[in-house]
Each structure stands twice: as structure tokens, then as C-alpha cells.
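The structure under discussion appears below in the form of C-alpha cells.
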């Protein structure tokens, strides 16, 4: 039995006449009659009650018609869903991100745009540090990840640098170095060299070794080794501890709204070392899923000028 036999049967049942059904199917009537008889012989019972003016469904034929229509509808839906998946309009994409990466407005905008344009795509989220997310992408546990500086570059992964933003100093709002800027609305500027006696809070090396090392190098370039008050797992905790007065730190400019009542964000006046925070998208090189490709293309479009790093 083939699907065409079901289509022939349903058409004859709907027309109640072999001649009209043959015209609808764009075929001759004798071959159609033969196909229906072959189907009946295979099933072992009659589907139609034949009479001079046409045919009526037999009791078994009425039941078979319901099931045949259900099968044909399911086959049609299967084709439509497969076509949607092939075009990236349906499917599943698993996305990971670090706390500082998702704080950038590009990520919420990307997720919102993608959900509006492709509502039938299921997006699943996970959070972690740069090291765990890179491993998760490499192992295939997630499709792609947004992070800052790559921890390592395993073979088989692509790293798309979407943008590069400036790092800002984060000080408690009552810090003495902010006194000259008291009452000013514009963002103050402070030299790194003025912070040699401060205690720094850093995101620990396993989570963000690139940003960790960049700050250490910047302080060394300013003539001192920074004193470490605490190491934390993510940037949000980092800023929270600054708000608590544990120490000072740096953060990407896109996070400047966090704890705005308790901390002050400042430009680094002598940022010769180039303290920057890239936003990087990581994906497996062999991930050929259309839905993932569309996700990457949309991220690059929203980021503007993108480059692979």
C-alpha cells in the first residue's frame, strides 16, 4: 500500500463516483477503479457499495475514511514542519551566556527580535562563565554562547566578535576620589595610577581570565600591582560587592546601570592599556542547523559591523 492509494480512496469517497474522482485526480477511470480494487484486495474487505449511479461507503469504508484522512493530514503536517525546520522557521536552539554578556542591550534585543520573527523556534537558555560555556558549545550541550573574552579556543569552534566596549571603573558612591565630581551629572574620569592604594574585586580567573589579566596588566602599566580584596564568580556579584564597600573594580560600560544608587561609574583617564570588553559569540564550526545560522546572522546584523576573532 502506498500513500497514493489512500488519496485515491479519499477522492472517490468524497465524489461518490469513479468518473468524477478520475477527473479530479487527472487520470483515467479504469486505472483508478483497478487501484481501488487492489486496495480492497490487500485489506481483505470492500470499501464501497457499488451501484449504477456511483458508489457509497461500506460500513468498513466509513471507518477507513476517517483513518485515511488522519494519515494524510499527518503526512501533510510532517512535510510542512520539516520545511519550516529546513528554513530555520521552526526548531530548537539552546543559548548560553555570561552575566556580563547578557547585560548588554544587544542580547535582549536579539532574543526579542528572534522570537517575533520566528515564534515557532523554541529557545532554551543556560548561564555560566566563559570557561563552562565554551566547553558546553564544544561538547554539543548547547548550540551557541555569548561571552566576553574567550578563555581558550578549542579546535572546531568559531568565535564571532560582535562588538568591543569600553571598561569603566566602579567605585562606591561615597569614595573620596569622587569628591571633586560631587554634584556633576557627567561621568567622572579617574587615572588608574590614582588607585594604587585601593583594593580590587575581580571576577576570578576560571570565569573570566582575559578580563582578569587585562586589569592586572593595566595596573602594572600604571606602576603598581593591584591588591586583591576578593575574587567572585560573575560581574553582577562584583558590582554588588563594590556597592557594599568591599573594594573597587571595573565593568563593561553596558552594565553602568547596575546598583546606580550605591556605586559610581567612571571613565579611565589613562586607559593606555586598552581595557575593553568584547562581546563574543561562540558556535561549533560543524553546526549546520538553519535555525542556528539565522540566529548568528541576526546577531551580526544587530551588532552592525562584526568580525571573527
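The values are calculated or read from the model by the stated rules, or taken from the named source; none is laboratory data. Computed from a predicted model, the values in this text were never measured in an experiment. Positions of Cβ are generated from backbone atoms using ideal geometry, with glycine treated the same way; all protein chains shown enter the neighbour counts.
Against the conditions (1) touching a helix residue (DSSP H, G or I) at 6+ places or on another chain (Cβ under 9 Å); (2) under 20 Å from residue 262 (Cα atoms), where does residue 179 fall short? Just the number, please.
Here residue 179 clears every test but (1).
Within the stretch 137-160, does at least one residue satisfy the condition of being in contact (Cβ under 8 Å) with a residue 40 or more places away in the chain, closer than 24 Å to residue 303 by Cβ and in a helix (DSSP H, G or I)?
Within the stretch 137-160 (the criterion being in contact (Cβ under 8 Å) with a residue 40 or more places away in the chain, closer than 24 Å to residue 303 by Cβ and in a helix (DSSP H, G or I)), the answer is yes, since at least one residue qualifies.
Is there a residue being surrounded by 14 or more Cβ atoms within 10 Å (Cβ to Cβ), within 13 Å of the chain's Cα centre (by Cα) and free of Cβ contacts under 8 Å to residues at least 40 places away in the same chain anywhere in the stretch 108-124?
yes
Would you confirm whether or not the stretch 276-298 contains a residue that is on the phi < 0 side of the Ramachandran plot, without any contact (Cβ under 8 Å) to a residue 12 or more places away in the chain, not in a loop (DSSP other than H, G, I, E, B) and not assigned by TED's automatic domain parsing to the domain that holds residue 220? It would help to see each step written out before you state the result.
Filtering the stretch 276-298 for residues on the phi < 0 side of the Ramachandran plot gives 276-298.
Next cut, without any contact (Cβ under 8 Å) to a residue 12 or more places away in the chain only: 288, 297.
From what is left, the residues that are not in a loop (DSSP other than H, G, I, E, B) are 297.
Subset that is not assigned by TED's automatic domain parsing to the domain that holds residue 220: 297.
For the stretch 276-298, residues on the phi < 0 side of the Ramachandran plot, without any contact (Cβ under 8 Å) to a residue 12 or more places away in the chain, not in a loop (DSSP other than H, G, I, E, B) and not assigned by TED's automatic domain parsing to the domain that holds residue 220: present.
Looking at (1) within 27 Å of residue 262 (Cβ to Cβ); (2) not assigned by TED's automatic domain parsing to the domain that holds residue 249, which is the only condition residue 188 fails?
(2) is the only condition that residue 188 fails.
Within the stretch 5-27, work out how many residues are within 48 Å of the chain's Cα centre (by Cα), surrounded by fewer than 16 Cβ atoms within 10 Å (Cβ to Cβ) and either more than 17 Å from residue 61 (Cα to Cα) or not assigned by TED's automatic domain parsing to the domain that holds residue 65 (or both).
Qualifying residue count, the stretch 5-27: 2.
Out of all the residues in the stretch 61-102, which are at pLDDT 85 or above and closer than 18 Å to residue 144 by Cβ?
93, 94, 95, 96, 97, 98, 99, 100, 101, 102
For residue 180, are the conditions met, namely being over 22 Å from residue 277 (Cα atoms) and assigned to a loop (DSSP other than H, G, I, E, B)?
no
Here's the yes/no breakdown for (1) more than 53 Å from the chain's Cα centre (by Cα); (2) surrounded by 12 or more Cβ atoms within 10 Å (Cβ to Cβ); (3) in the same structural domain as residue 75 (by TED's automatic domain parsing):
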{"site": "29", "(1), (2), (3)": "yes, yes, yes"}
{"site": "38", "(1), (2), (3)": "no, yes, yes"}
{"site": "59", "(1), (2), (3)": "no, no, yes"}
{"site": "64", "(1), (2), (3)": "no, yes, yes"}
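Do the conditions hold for residue 114, that is, is it in a helix (DSSP H, G or I) and touching a strand residue (DSSP E or B) at 6+ places or on another chain (Cβ under 8 Å)?
So residue 114 passes the test.
Out of the residues in the stretch 252-295 that are surrounded by 19 or more Cβ atoms within 10 Å (Cβ to Cβ) and over 26 Å from residue 238 (Cα atoms), which is farthest from the chain's Cα centre (by Cα)?
In this case the residue turns out to be 284.
For residue 182, all conditions in the list (1) loosely packed, with under 15 Cβ neighbours inside 10 Å; (2) at pLDDT 90 or above hold save one; what is the number of the exception?
It fails just one condition, (2).
Residue by residue through the stretch 251-275, note down the ones that are touching a helix residue (DSSP H, G or I) at 6+ places or on another chain (Cβ under 6 Å) and not in a strand (DSSP E or B).
Listed by number, the residues that qualify are 258, 259, 262, 270, 273, 275.
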